[in-house]
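Colleague: Sharing a structure, written as structure tokens. Questions coming.
The values are calculated or read from the model by the stated rules, or taken from the named source; none is laboratory data. Just so you know, these numbers come straight off a predicted model, no measurement behind them. Here the Cβ positions follow ideal geometry from the backbone for every residue, glycine too, while neighbour counts run over all protein chains shown.
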Amino acid sequence: MKRVLTLLLSSILGLLLFGIVISDVRFVGLVTISEAELLPLVKNYLGVELKDEAIQDIAKQIFDTGYFSSLEPKLVASEGRFVLQIVVQENPIVRDWKINLEGAEIVKATELASAVTLEKNKALSMVKVKESLSAMKKMFEDAGYFLVELSGDFKDSVYVFNVVPYALWDIYFEGETEGLDISQVRNQIKISTLKDFYTTPAFLRFLIKDIKRCYPTVSDISSVFSTLANYVYFGKETSVDFEKIEIPNVSEKAVVMKVKVVQPKFVPEEGKVYEKIEFSGNNLIGSEQLRKVVSVSEYRLVRNPDVLRSMQAIIDLYKQNGYPMCHVVPVDEDETLRFNIVEKYVANVEFKGFDRTKIYVVEDLVTFRSGEPLTEKDFYDTTSALNRTQFFEGVAVYPVGTPENRDVTVVVEVKEKDKKFTLSGGISWSPVKDRPWYEGFFGELSFSTMNPFGYGQTFSTTLKLGFESRLVQFDYSIRKPFQIPATLGALFSYEWTDGTQVLKVGGNASTLRFSGHAFGGGVTYENRMYSDFKENTLILSGNYSYDTRSDPIFPARGQYIYLGVDKAGLFDFLADRDYWKFRLDARIFVPVWNDQLVSAFRFFTSAVLFEQYENPGTTPETILFYGIDSVRGVDGGKAKAGILASGELRYNLKSQTLPMYALVFVDVGGTGETLSQPTLSLTAGPELDVAIPLLGVLGFGVAYNFNGQWTWDNFKPFFRFGAAF
């Protein structure tokens, strides 16, 4: 829209020579804009002596509001005073405005609408339009998105804000790609693309894909550059461009990312023959081992692709040995080609994102040490240990440094949990003969808040529902209280049945983990009250555990071992119940393919042994086998002993909505009076596990019971809530 500012200089020519005082300003032609909105712009000019520049300034300020297509100032003399009369023509009236968002709602439309300052039923202001578009752009930038086009269109009294975010269709490589394994590089780039989204079968796409992930952020592109930096083929002149592309039958606007490869040059284009091939800076891997992997040799023609392949082979060898970020610089020294290797060592560790959690609470879980080589194992150990605390929503451990410098800073960055509460446990149901249906529920539900104040505390309330009993238990633990290298805890529980009440109070302590190992112990006082007598028992417990799992919920690798022993009845006056109880839980997780296909194995057993009771009418000690501690598809329950062996093949569906695993399992186990005489069952089948925030893992599956009778009744659907092993 063309705007014209017309100044009638003839009417104010006298101001070039003489200053005058304006007593008032009047507007002519206002329709939707009130004088009250404009007068604050000119009030400072009233009653003071003005010259021509001031009149022009007044006109400019009013015109810059953006409401007018033309403006004409006039001086009117009246009774010895001067009045500035401004004749305006307003822009067309905006009866309505709307936002036209093409593509996924990566920023909510309601948020975009809140950025619009354009007013309805007022003259169109291009100033307000620009303000609105700038505010929308900032919203996308704050969310990390940069591939967005914003524009506007005014038609039929309606202003339309066009918002077009662009999704990434794919990544292409072009230019100097000789020697570069493009498929390998592409597989290493972890970024979602629209091509992958639409080539996923519709059913799986609905379950596991989120189209919003196909809209790249600055962080996504930074991760791409980080991946490219692992390959020597991408020189400093390598460039990245985004090119719009139209895909048939795809409604989303898309771009392709084009990586124009420019390889670094280290030897003449025609090649060169060297008398010696040498290595320097290599303290972690010997020169003879390096010589075996390079593609160059003495007294043979060496071309630039040979040097690049050799450099990449050295870097890959360091990675295979657990040393990341190795940097190789080939140096042409006349008759000698020397590969100078910059190995990486830890200079210091920095902590970021610890807004609530005190660093001392988890500092022992960080295994990096100043002056030691940078290793992949330290990254794994530190990340997995911090994840297992379940204190944080996200954990990132990454190095910061330059390729040429041997010293790197390791940054441990966490994202504190916004939602501090979690549910866990296990619930199942089976019919109870001659009892109401609702008494068929049994299991455990634990409501916990972890690290709510940043001092490593955990508050937990547990409810257990049995066929004939109910239990409520309160637990408290704190990690490294007053920087003591231990975890301390306490418990209180109350259980009741039709004729029994059981009260427990206890405390426990465990060591901090060292290389995955931890030891613990505790003491618990138990008071049982029956209708005609009561029992007092002191229970001492001890345990050992080993945990190197990559994740506490869905581990892809690592081991877990727990061995616990309880001894009840050590003193005569607190020995109304005398028994031993043990629990053994061993798990191992082995990646089969890229941490996406994982085999998992578990052996679990628990039993009550050598029991003696002072009162013949007491309730014998039992263990509740249910949830992950029972054979899938077989009803759980109480028993004195049980055993379970499980094997799973888990496939990570790489869900972009909720963590989701499809798996097949085999369970064999059972319960009984002793471990030597359990009633064994063998089941197998498929299962789908979904991790839901605050609720833990929901498992849905079908188990076939191999009991020797091949009937459809042997297929048992099951539901598990709380955890996976």
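Colleague: Here is a list: Asp585, Asp566, Asp576. Which entry is closer than 16 Å to Phe725 by Cβ and buried (at least 18 other Cβ atoms within 10 Å of the Cβ)? Before the answer, list the steps.
Modeller: Numbers: Asp566 fails: closer than 16 Å to Phe725 by Cβ; Asp576 fails: closer than 16 Å to Phe725 by Cβ.
Going through Asp585, Asp566, Asp576 in turn, the sole match is Asp585.
Colleague: So which of Val185, Val163, Val148 ends up being touching a residue at least 24 places away in the same chain (Cβ under 8 Å), under 30 Å from Ala396 (Cα atoms) and over 23 Å from the mean Cα position of the chain (by Cα)? Explain how you work it out, then say what you get.
Modeller: Working: Val163 fails: under 30 Å from Ala396 (Cα atoms); Val148 fails: touching a residue at least 24 places away in the same chain (Cβ under 8 Å).
It is Val185.
Colleague: Does Pro686 qualify as being under 30 Å from Pro201 (Cβ atoms), surrounded by fewer than 20 Cβ atoms within 10 Å (Cβ to Cβ) and of a type outside the set (Asp, Glu)? Spell out the reasoning first.
Modeller: On the way: under 30 Å from Pro201 (Cβ atoms): yes; surrounded by fewer than 20 Cβ atoms within 10 Å (Cβ to Cβ): yes; of a type outside the set (Asp, Glu): yes.
Spelling it out, Pro686 is indeed under 30 Å from Pro201 (Cβ atoms), surrounded by fewer than 20 Cβ atoms within 10 Å (Cβ to Cβ) and of a type outside the set (Asp, Glu).
Colleague: Could you grab me the full set of residues in segment 280-293 that are of a type in the set (A, V, I, L, M, F, W, C) and either surrounded by fewer than 19 Cβ atoms within 10 Å (Cβ to Cβ) or at pLDDT below 95 (or both)?
Modeller: Taking segment 280-293 and keeping what is of a type in the set (A, V, I, L, M, F, W, C), we get 284-285, 290, 293.
Residues satisfying the conditions are Leu284, Val293.
Colleague: Let me ask another. Only residues that are in a strand (DSSP E or B), free of Cβ contacts under 8 Å to residues at least 24 places away in the same chain and of a type outside the set (Val, Ile, Thr): list them for segment 478-492, please.
Modeller: Leu488, Ala490, Phe492
Colleague: Now for a separate question. The conditions are (1) without any contact (Cβ under 8 Å) to a residue 24 or more places away in the chain; (2) closer than 21 Å to Leu180 by Cα, and Arg369 fails exactly one of them. Which is it?
Modeller: (2)
Colleague: For Gln483, are the conditions met, namely being modelled with pLDDT under 95 and out of contact with any strand residue (DSSP E or B) (no Cβ under 6 Å at 6 or more places or on another chain)? Working first, answer last.
Modeller: Details: modelled with pLDDT under 95: yes; out of contact with any strand residue (DSSP E or B) (no Cβ under 6 Å at 6 or more places or on another chain): yes.
For Gln483, the condition - modelled with pLDDT under 95 and out of contact with any strand residue (DSSP E or B) (no Cβ under 6 Å at 6 or more places or on another chain) - is met.
Colleague: Considering segment 538-560 alone, what residues qualify as being over 17 Å from Ser599 (Cα atoms) and among the hydrophobic types (A, V, I, L, M, F, W, C)?
Modeller: If the condition is that a residue be over 17 Å from Ser599 (Cα atoms) and among the hydrophobic types (A, V, I, L, M, F, W, C), then Leu538, Ile539, Leu540 are the ones that fit.
Results for (1) of a type outside the set (A, V, I, L, M, F, W, C); (2) farther than 26 Å from Asp196 by Cα, shown as yes or no for each residue.
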position: Phe665; (1), (2): no, yes
position: Gly672; (1), (2): yes, yes
position: Thr683; (1), (2): yes, yes
position: Ala691; (1), (2): no, no
position: Gly696; (1), (2): yes, yes
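Colleague: Checking Asp576 against (1) within 28 Å of Ala639 (Cβ to Cβ); (2) modelled with pLDDT under 90, which test does it fail?
Modeller: Asp576 satisfies all of (1) within 28 Å of Ala639 (Cβ to Cβ); (2) modelled with pLDDT under 90 except (2).
Colleague: Inspect all residues belonging to segment 143-151 and state whether any of them is out of contact with any Phe, Trp or Tyr (no Cβ under 6 Å at 6 or more places or on another chain), assigned to a helix (DSSP H, G or I) and either closer than 30 Å to Met311 by Cβ or not aromatic (Phe, Trp, Tyr) (or both).
Modeller: No; the residues of segment 143-151 include none that is out of contact with any Phe, Trp or Tyr (no Cβ under 6 Å at 6 or more places or on another chain), assigned to a helix (DSSP H, G or I) and either closer than 30 Å to Met311 by Cβ or not aromatic (Phe, Trp, Tyr) (or both).
Colleague: Scan segment 196-206 for residues that are surrounded by fewer than 18 Cβ atoms within 10 Å (Cβ to Cβ) and not polar (S, T, N, Q) and jot them down.
Modeller: Start the filter on segment 196-206 by keeping residues that are surrounded by fewer than 18 Cβ atoms within 10 Å (Cβ to Cβ), which leaves 196, 198-206.
Answer for segment 196-206, where residues must be surrounded by fewer than 18 Cβ atoms within 10 Å (Cβ to Cβ) and not polar (S, T, N, Q): Asp196, Tyr198, Pro201, Ala202, Phe203, Leu204, Arg205, Phe206.
Colleague: Okay, moving on. Identify, from the list Ile277, Ile221, the residue that is surrounded by 18 or more Cβ atoms within 10 Å (Cβ to Cβ), under 30 Å from Ile106 (Cα atoms) and of a type in the set (A, V, I, L, M, F, W, C).
Modeller: Values: Ile277 fails: under 30 Å from Ile106 (Cα atoms).
Going through Ile277, Ile221 in turn, the sole match is Ile221.
Colleague: When you scan segment 591-611, do you find a residue that is at pLDDT 90 or above, of a type in the set (Phe, Trp, Tyr) and under 27 Å from Thr487 (Cβ atoms), even just one?
Modeller: yes
Colleague: Here is a list of conditions, (1) closer than 30 Å to Arg303 by Cα; (2) assigned to a loop (DSSP other than H, G, I, E, B), and Ile171 meets all of them except one; can you say which number that is?
Modeller: The number of the failed condition is (2).
Colleague: Return the only residue of Asp689, Asp667 being closer than 29 Å to Lys581 by Cα, assigned to a strand (DSSP E or B) and of a type in the set (Asp, Glu).
Modeller: On inspection, the qualifying residue turns out to be Asp667.
Colleague: Take the conditions within 37 Å of the chain's Cα centre (by Cα) and of a type in the set (D, E, K, R) and apply them to Arg513. Does it pass?
Modeller: On the way: within 37 Å of the chain's Cα centre (by Cα): yes; of a type in the set (D, E, K, R): yes.
Yes.
Colleague: Could you count how many residues in segment 660-694 are of a type in the set (A, V, I, L, M) and under 21 Å from Leu624 (Cβ atoms)? Let's see the steps before the verdict.
Modeller: Narrowing segment 660-694 to residues of a type in the set (A, V, I, L, M): 660, 662-664, 666, 668, 675, 680, 682, 684, 688, 690-692, 694.
Narrowing further to those that are under 21 Å from Leu624 (Cβ atoms): 668, 675, 680.
Looking only at that region, the number is 3.
Colleague: Can you name the strands (runs of 3 or more DSSP E) wholly within segment 26-124 that have at least 2 residues being over 27 Å from Asp156 (Cα atoms) and in contact with a helix residue (DSSP H, G or I) (Cβ under 9 Å, 6 or more places away or on another chain)?
Modeller: Details: elements: 68-78, 81-90, 96-101.
Filter on segment 26-124 gives 68-78, 81-90.
Colleague: Now, a different point. Run Thr177 past the list (1) out of contact with any Lys or Arg (no Cβ under 6 Å at 6 or more places or on another chain); (2) assigned to a strand (DSSP E or B) and report the number of the one that doesn't hold.
Modeller: (2) is the only condition that Thr177 fails.
Colleague: Tyr398 passes all but one of (1) surrounded by fewer than 16 Cβ atoms within 10 Å (Cβ to Cβ); (2) out of contact with any helix residue (DSSP H, G or I) (no Cβ under 9 Å at 6 or more places or on another chain); which number fails?
Modeller: (2)
Colleague: Specify which of the listed residues (Glu111, Glu72, Glu53, Glu102) is loosely packed, with under 14 Cβ neighbours inside 10 Å and over 53 Å from the mean Cα position of the chain (by Cα).
Modeller: Details: Glu111 fails: over 53 Å from the mean Cα position of the chain (by Cα); Glu72 fails: loosely packed, with under 14 Cβ neighbours inside 10 Å; Glu102 fails: over 53 Å from the mean Cα position of the chain (by Cα).
From the options Glu111, Glu72, Glu53, Glu102, the qualifying one is Glu53.
Colleague: OK, next. Quickly run through segment 588-613 and pick out the residues that are closer than 22 Å to Ser541 by Cα and either of a type in the set (Gly, Ala, Ser) or loosely packed, with under 15 Cβ neighbours inside 10 Å (or both).
Modeller: Taking segment 588-613 as the starting set, the residues that turn out to be closer than 22 Å to Ser541 by Cα are 603-613.
Hits for segment 588-613 are Ser606, Ala607, Leu609, Phe610, Gln612.
Colleague: Out of (1) free of Cβ contacts under 8 Å to residues at least 40 places away in the same chain; (2) within 20 Å of Pro555 (Cα to Cα), what's the single condition that is false for Asn387?
Modeller: That leaves (1) as the condition not met.
Colleague: Right, next: Search segment 400-416 for residues that are of a type in the set (Lys, Arg) and pair each with any residue that is part of a loop (DSSP other than H, G, I, E, B) when their beta-carbon atoms are under 7 Å apart and the residues are at least 6 apart or on different chains.
Modeller: Matching pairs, first to second residue: Arg406/Glu343; Arg406/Lys344; Lys415/Gly353.
Table: residues versus (1) in a loop (DSSP other than H, G, I, E, B); (2) in the same structural domain as Gly322 (by TED's automatic domain parsing); (3) over 23 Å from Tyr231 (Cβ atoms).
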| site | (1), (2), (3) |
| --- | --- |
| Tyr380 | no, no, no |
| Leu386 | no, no, yes |
| Tyr398 | no, no, no |
| Thr402 | yes, no, no |
